[in-house]
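Visitor: Submitted below is the structure of interest, expressed as structure tokens.
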Amino acid sequence: MSGQEKVVGERVTRIDALDKVTGRARFGVDVVLDGMLHAKLLRSPHPHARVVGVDSSATLALPGVRAVVRASEVPRVVGTWFNLRSEKETKKLFLQDDKVRFIGDPVLAVVADDEQTAEEALALIRVEYEVLEPVFDPLEAMERSDVRIHERGNIGFHIFKEYGDLEAGFAQADVVVENSYSTSKQIHASLEPQGACIAAYSADGVLTIHSTSQVPHWVMMYVSLALGIPMAKVRVIRPYVGGSFGGRAGVIWGLELMCAYLATKVNRPVRLAFTREEDFTATESRHPFHVCMKTGATKEGLLVANEAHIVMDVGGYGTHFVSVLADALGTGVGIYRIPNYTLEGTCVYTNKPLSGAFRGYGNPQMNFAQESQLDEVAEKLGMDPVELRLKNYRGSGEMDPVFNDPVGSCGLADCLTRGAQALGWGEKWSPRPPTSANAGPRGASGTMKRGVGMAAHQHGTGARFGLPDPSSATVRLNADGSVNLLTACADDGQGNRTVLAQICAEVLGVGLQDICVSDTDTGIAPLDGGTHGSRQTYCSGVAVMRAAAEARAKVLALGAEYLEVDDASRLTISDGVVHDSAGTGGSVSLSDLMRHFQVGDFSRCHQVIGDASGVTDAQPAVFGATFAEVEVDTDTGQVKVLNMVGAFDVGRAVNPMHCEGQITGGLTMGVGYALTEGLIIEDGCVLNPNFTDYKIIRAPDAPHITPVLVESGEPTGPFGAKGLGEATMISAASAIASAVYHAVGVRMRELCITPEKILEALEAAHAGCGKERVGACARGDEEGAAAGAVG
Amino acid sequence: MTVSFRPAEYVRPRTVEEASALLADFGGQGAVIAGGTDLLVKKPAHVKALIDLVDLRLDHIVTDGSSEGAENGESTGNGRALRIGASVTVTDLAEAHHALSGPWSMITEAARLLGTPAVRNRATLGGNLCNASPAGDLSVALLALRAYAVTSGTSGVRRIPLSEFFLGPNRTVLAVDEVLMEIGVPATPAGSGAAFLKLGRHQSSVDIATVSVGCLLVADHGVCRDVRISLGAVGPTPVLTHAPTEALVGREFSPALMREAGAIAAADVHPIDDVRASAVYRRKMTAVLVRRALETALREV
Amino acid sequence: MTVDVTMNVNGSRRALRVEPGDRLVDVLRERLGLLGTKIGCGEGECGACTVMMNGRAVLSCLTLAVQAEGANIETIEGLDGEAAAATATAAVSTDGPATGTAAGATSAATSAPDRLGITGAAPVPVEAARRDAARLHPLQQAFVEEGAIQCGFCTPGMIMAAKGLLDREPDPSEARVRGALAGNLCRCTGYDKPVRAVLRAAAVLREGR
């Protein structure tokens, strides 16, 4: 954190850039093993059913078909690595039964010589189902005891947390705002489709799995426990992966465990890969939240009470759900100093594709509700929304009631003020109701209305206090001074492998080019929690620091011996040279030193190895604020996001270029969450399982984004760094909703915000005769006609 | 989902007659392929033979001086009609600013808004029309321009006004053995202005139209002499709406009149709810887009 | 029925025997081992399969191999210096087996079945050869320098789409660049750095002309 670093803090090119830009990088879908067979899944056409019988006789007679396997032969993962912590918990991790619980739920797998044969084979299989009544609405599912999706019913989890005295809190409030919110089922839609897995089972019982999972070591353990193979003999190798965003935070539904099992059955490598349509219909997506929230504040703008009731739509099965709710709780309660807060959360099963981990992990949903509440509170108080946040956020050193720990580094105030400045908030914002100045020089004329909005958020880094969260690293020096960094860090594109190399190089005093980062391979690299919870830079970075520090200490000890210096601690390493600059002025290159002790002195033959494995000291909160400027076409309801600013407290930007990339990417994904994305499901059937109808933001539509990096210096983090990846999209939708309100005076409380909904809201507001100003509808024909904007 | 698109035959006829004969031979199991950007998405299982039209070289864009008058028989203003070969790519249309000038520039606009650049580089005019999407951008634009299709089959050559070309979603009047050869666009009279507008689901640069409008009008000192409005994505085929014409002809253009025309058009269409938009929204947007198209077309006069 | 097609792929003439329904993307990937071109959706919506065909960006998942008869095909593998050097010595070759390693993340170039001519030159240290070989096209160089690559899955398609633009329009505006990339979905970057990279490459190419 001294600012004198040579590698950390630099905009270094990522170490895999060359592989990727030349097309040489091999992704999950590219992996080919000699002699591999091809598997396809037969998926349930029913949202809720029991599989009664399977007739695969015609299939097995087809030339080239090797096996047909029932899904019920393979355990399904219905938890997370939380469940690894004890045998009792692990029993809850796996589910094995004959039921299917959403359209697309795997029923069986066919293995054949090639994909075409596998597809033809599927068509020949007869499955007999006992069709059961489905339930699709979580609010209804909560009430139905006659339709039981799981044995214990439809409620997967319930929590009620109380801080302070809610009634007393509201009694102090001068302003109370109460609303309901709902959010959409957003899906990751990574460019590499979910689900290509190749498993191979060798004669000596070693199972090798090529998987795109974000958490290779947890996959290793799941597979080991599910199939009864010792962990030492399960090896998970991760190729390059084309984006995950949480969609691969575990095993992919119906993929790795089935593929591994098939490999053990047919004794040949087996490839199981999903089409884009299967990705859209049968893999995890973001939990839709239904939130009822009541917020109270004093006229001075102090938040005094908040009451939240959350219903989460888990879908047919739960994997990440309890922790998602916990995240919503922690981040919602944590960010502001609200002394009286109750939160009730219910996770409900429905017969729809399962929900799971997705960038932000419950926080974007909670944030949308809570920040919208605050936006409305600010408006009622006639207060600048930025000021409301500045007045109420929990700062460094203040006690966080959820973690019962004081807040560590906190750069939220800087995020708010610098972010506001970057957008021109001072010039562009004014309290509503707007005057006719809204139609003036800011560019709005007639039907086009502009507005600005903002929102703030807190998120976490890692899962130190909620889940097993190990990070490990091994640093090995070679005889030429080059370094192998063994890490199971999972890089989906964030650049974390580069960042870890930067940290390693910095601690060791060598150049980035001297570090070779290992493959993400559980057979090579030690136990690591993988990528989720924005943890790799912080958590794995700490492990790398510790391992590198241990290696460095050993190097210095050897250096002292070599240079005949008594006190090793006065030696330094920089640019790959060990110096005794404070003493004799002697020096030796790292390569000469290592060669001597590895192969030069036959009585030593010693390799310098540094190791670390453990947890971090903290789970630091990361903070941010998103600002948005929008233009609404009040004739069509269409929203164009003109400008956005994302200001984030990253502790320390180990690689500012990577941070900017996360910000522009995350904010753009947030625009999609706000305005264009969501699986449309009717009677359990996904109606938009393709990119034509599931709209992702494209280049011409991406807003102009200004990233602002705030460095508060997290003392427990590597060189002060903490997490960023998820934070970037958490308050984007909230900011856009706030901006839409500022532009046209309607509160959009349901994501995604479609033009139809805006138009309906405008019409309803207009019909409501002046309770809220509505923009163009209040204007005369002349202005409307003069707009002349093209649709 | 099975992928069973496995055509066993592939032929490249040199002439249209040869193509028609092949289509007749293969019956319902033969399909023509030009760019392939629709066919290879649909991958229809029944197709056993692909008839590649690339060697037919139907890639002309010509304006000729023959007096292909407007359907209403008035004397032609620019005196020139347009013929576009069915194999012309959408990119070529989008870039043909010189040839497609004046009111015909709405064709380049429709082409520009169709799909994405790589799709446009392969997709053809003929393919887009024969795909007969109710939201087909080129279909809607050309329908407003009174375009007609020239087809050739074993029974001979036909000229089919586009208003009679589309039967339903993805269905045209083409017989099994017929090949679309070119599109003809009659000359437009003096005082013509045209516009093509397309609305997607949100401010998206790439989308199938939620509603699209083609508009060709003739104005004389601010008075409407004629107007022809086509609409996409509000019916089972691209449609013409005649009701606004009756309301507009003979009257002086004004913002209020255009708003009225929009409302009339909205009342004249019968859109459906689908995954992209509701019928209610489509009606509202019909009104908005028709009004805006009239405004834009008037400015082009 | 099989069809014999001949196409020029990254400067090498290739003769292949294909089925009528074989997609160009599958032929490139599985028959010619050019795995840099990706399949993101198979429906022409994501752009990950974009290659150049006769000087235009096209979607190889919506193009049949038979339609590429006689065509010049450029893939991402054809852009950088190593491939250019390799193709200079390659003769006409039929398609080789699809080889690929169970590659981890740090593997060096996997096999492309082009046969390199034996030149008899002195051996070059591998690392130096790799550096020399990476005579990146200005678009590739710009993507690297601007930090425009994150997961990298969309990168080959995006670069080919950008090449399709710059080959015809050497001085595009930012709006034109964004329009040229409208067919390439990216979930990671938000497009900001890729757009900058294309503009930067355009400037470099203009200077070089």
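The values are calculated or read from the model by the stated rules, or taken from the named source; none is laboratory data. Keep in mind it's a predicted model, so treat the numbers as computed, not measured. Note: ideal-geometry Cβ built from the backbone for every residue, glycine included; neighbour counts use all protein chains shown.
Visitor: What is the one condition in (1) surrounded by fewer than 23 Cβ atoms within 10 Å (Cβ to Cβ); (2) in contact with a Ser or Thr (Cβ under 9 Å, 6 or more places away or on another chain); (3) closer than 26 Å to residue A:99 by Cβ; (4) not aromatic (Phe, Trp, Tyr) that residue A:194 does not satisfy?
Guide: (1)
Visitor: Which one is farthest from the other protein chains (Cβ to nearest Cβ), of the residues in the range A:110-123 that are surrounded by 17 or more Cβ atoms within 10 Å (Cβ to Cβ) and either out of contact with any Gly (no Cβ under 8 Å at 6 or more places or on another chain) or outside any strand (DSSP E or B) (or both)? Break it down stepwise before answering.
Guide: The initial filter retains those residues of the range A:110-123 that are surrounded by 17 or more Cβ atoms within 10 Å (Cβ to Cβ), namely A:110-112, A:117-122.
Checking which are either out of contact with any Gly (no Cβ under 8 Å at 6 or more places or on another chain) or outside any strand (DSSP E or B) (or both) leaves us with A:110-111, A:117-122.
Details: A:110: 12, A:111: 17, A:117: 12, A:118: 10, A:119: 5, A:120: 7, A:121: 10, A:122: 7 Å.
The residue in question is A:111.
Visitor: Does residue A:413 fit the bill of being at pLDDT 90 or above, in contact with a helix residue (DSSP H, G or I) (Cβ under 9 Å, 6 or more places away or on another chain) and of a type in the set (A, V, I, L, M, F, W, C)?
Guide: yes
Visitor: So if I check each of A:678, A:624, A:672, which one is in contact with an Asp or Glu (Cβ under 8 Å, 6 or more places away or on another chain) and assigned by TED's automatic domain parsing to the domain that holds residue A:350? Break it down into steps so the answer makes sense when it comes.
Guide: On the way: A:678 fails: in contact with an Asp or Glu (Cβ under 8 Å, 6 or more places away or on another chain); A:672 fails: in contact with an Asp or Glu (Cβ under 8 Å, 6 or more places away or on another chain).
Of the residues listed, the single one that is in contact with an Asp or Glu (Cβ under 8 Å, 6 or more places away or on another chain) and assigned by TED's automatic domain parsing to the domain that holds residue A:350 is A:624.
Visitor: On to the next question. For the range B:11-52, enumerate the residues that are touching a Lys or Arg at 6+ places or on another chain (Cβ under 6 Å) and under 27 Å from residue A:276 (Cα atoms).
Guide: B:35, B:37
Visitor: On to the next question. Confirm whether residue A:67 is within 30 Å of residue B:7 (Cβ to Cβ), small (Gly, Ala, Ser) and away from every other protein chain (no Cβ under 14 Å). If you could, list the steps in order and put the result at the bottom.
Guide: Working: within 30 Å of residue B:7 (Cβ to Cβ): no; small (Gly, Ala, Ser): yes; away from every other protein chain (no Cβ under 14 Å): yes.
Answer is no for this residue.
Visitor: Report whether or not residue B:289 is touching a residue at least 60 places away in the same chain (Cβ under 8 Å), within 11 Å of chain A (Cβ to nearest Cβ) and assigned to a helix (DSSP H, G or I).
Guide: yes
Visitor: For the range C:135-152, give me each residue that is of a type outside the set (A, V, I, L, M) and under 12 Å from the mean Cα position of the chain (by Cα).
Guide: Scanning the range C:135-152 gives C:137, C:140.
Visitor: Between A:740, A:654, A:686, which is of a type outside the set (D, E, K, R) and in contact with a strand residue (DSSP E or B) (Cβ under 9 Å, 6 or more places away or on another chain)?
Guide: Working: A:654 fails: in contact with a strand residue (DSSP E or B) (Cβ under 9 Å, 6 or more places away or on another chain); A:686 fails: in contact with a strand residue (DSSP E or B) (Cβ under 9 Å, 6 or more places away or on another chain).
Every option except A:740 fails the conditions.
Visitor: Do we find a residue being under 30 Å from residue A:369 (Cα atoms), part of a strand (DSSP E or B) and in contact (Cβ under 8 Å) with a residue 60 or more places away in the chain anywhere in the range A:133-152?
Guide: Yes, the range A:133-152 contains at least one residue that is under 30 Å from residue A:369 (Cα atoms), part of a strand (DSSP E or B) and in contact (Cβ under 8 Å) with a residue 60 or more places away in the chain.
Visitor: Of the residues that sit in the range A:384-415 and are part of a loop (DSSP other than H, G, I, E, B) and among the acidic types (Asp, Glu), which one is surrounded by the most Cβ atoms within 10 Å (Cβ to Cβ)?
Guide: A:384
Visitor: Here are the criteria: (1) at pLDDT 95 or above; (2) outside the structural domain of residue A:364 (by TED's automatic domain parsing); (3) not aromatic (Phe, Trp, Tyr). Tell me which single one residue A:629 does not satisfy.
Guide: Only one criterion in (1) at pLDDT 95 or above; (2) outside the structural domain of residue A:364 (by TED's automatic domain parsing); (3) not aromatic (Phe, Trp, Tyr) is unmet by residue A:629, namely (2).
Visitor: Scan the range A:624-644 and give yes if some residue there is within 10 Å of another protein chain (Cβ to nearest Cβ), in a helix (DSSP H, G or I) and out of contact with any strand residue (DSSP E or B) (no Cβ under 7 Å at 6 or more places or on another chain), otherwise no.
Guide: no
Visitor: With the range A:484-592 as the region, which strands (runs of 3 or more DSSP E) entirely inside it contain at least 1 residues that are surrounded by fewer than 19 Cβ atoms within 10 Å (Cβ to Cβ) and within 14 Å of chain C (Cβ to nearest Cβ)? Write out each step before concluding.
Guide: Numbers: elements: A:515-517, A:572-574, A:577-579, A:587-589.
By residue number, A:515-517.
Visitor: Could you give me the residue pairs with C-beta distances under 6 Å whose first residue belongs to the range A:656-676 and is more than 9 Å from chain C (Cβ to nearest Cβ) and under 19 Å from residue A:722 (Cβ atoms), whose second residue is among the hydrophobic types (A, V, I, L, M, F, W, C) and surrounded by fewer than 24 Cβ atoms within 10 Å (Cβ to Cβ) wherever it lies, and which are 6+ apart or on separate chains?
Guide: A:659/A:709
Visitor: Same structure, new question: Any residue at all in the range A:696-710 that's at pLDDT 95 or above, more than 9 Å from every other protein chain (Cβ to nearest Cβ) and assigned to a helix (DSSP H, G or I)?
Guide: no
Visitor: Could you please give the count of residues in the range A:493-552 that are under 23 Å from residue A:21 (Cα atoms), in contact with a Lys or Arg (Cβ under 6 Å, 6 or more places away or on another chain) and of a type outside the set (Val, Ile, Thr)?
Guide: The number of residues fulfilling the criteria is 1.
Visitor: Let me ask something else about it. Residue B:256 passes all but one of (1) farther than 21 Å from residue A:758 by Cα; (2) among the hydrophobic types (A, V, I, L, M, F, W, C); (3) outside any helix (DSSP H, G or I); (4) within 8 Å of chain A (Cβ to nearest Cβ); which number fails?
Guide: Evaluating residue B:256 over (1) farther than 21 Å from residue A:758 by Cα; (2) among the hydrophobic types (A, V, I, L, M, F, W, C); (3) outside any helix (DSSP H, G or I); (4) within 8 Å of chain A (Cβ to nearest Cβ) leaves (3) as the failure.
Visitor: I would also like to ask the following. Scanning the range A:138-179 for residues that are surrounded by 15 or more Cβ atoms within 10 Å (Cβ to Cβ) and aromatic (Phe, Trp, Tyr), which turns out nearest to the chain's Cα centre (by Cα)?
Guide: The extreme case among them is A:157.
Visitor: While we're here: Any residue in the range A:55-63 that is more than 29 Å from residue A:114 (Cα to Cα), without any contact (Cβ under 8 Å) to a residue 12 or more places away in the chain and in the same structural domain as residue A:240 (by TED's automatic domain parsing)?
Guide: Checked against the condition, which is being more than 29 Å from residue A:114 (Cα to Cα), without any contact (Cβ under 8 Å) to a residue 12 or more places away in the chain and in the same structural domain as residue A:240 (by TED's automatic domain parsing), the range A:55-63 yields no hits at all.
Visitor: Any chance the range A:198-207 includes a residue that's of a type outside the set (Phe, Trp, Tyr), buried (at least 21 other Cβ atoms within 10 Å of the Cβ), within 25 Å of the chain's Cα centre (by Cα) and over 30 Å from residue C:47 (Cα atoms)?
Guide: Checked against the condition, which is being of a type outside the set (Phe, Trp, Tyr), buried (at least 21 other Cβ atoms within 10 Å of the Cβ), within 25 Å of the chain's Cα centre (by Cα) and over 30 Å from residue C:47 (Cα atoms), the range A:198-207 yields no hits at all.
Visitor: Would you call residue A:130 more than 14 Å from chain B (Cβ to nearest Cβ), of a type in the set (D, E, K, R) and either in contact (Cβ under 8 Å) with a residue 12 or more places away in the chain or part of a helix (DSSP H, G or I) (or both)? Steps first, answer last, please.
Guide: Working: more than 14 Å from chain B (Cβ to nearest Cβ): yes; of a type in the set (D, E, K, R): yes; either in contact (Cβ under 8 Å) with a residue 12 or more places away in the chain or part of a helix (DSSP H, G or I) (or both): yes.
Yes.
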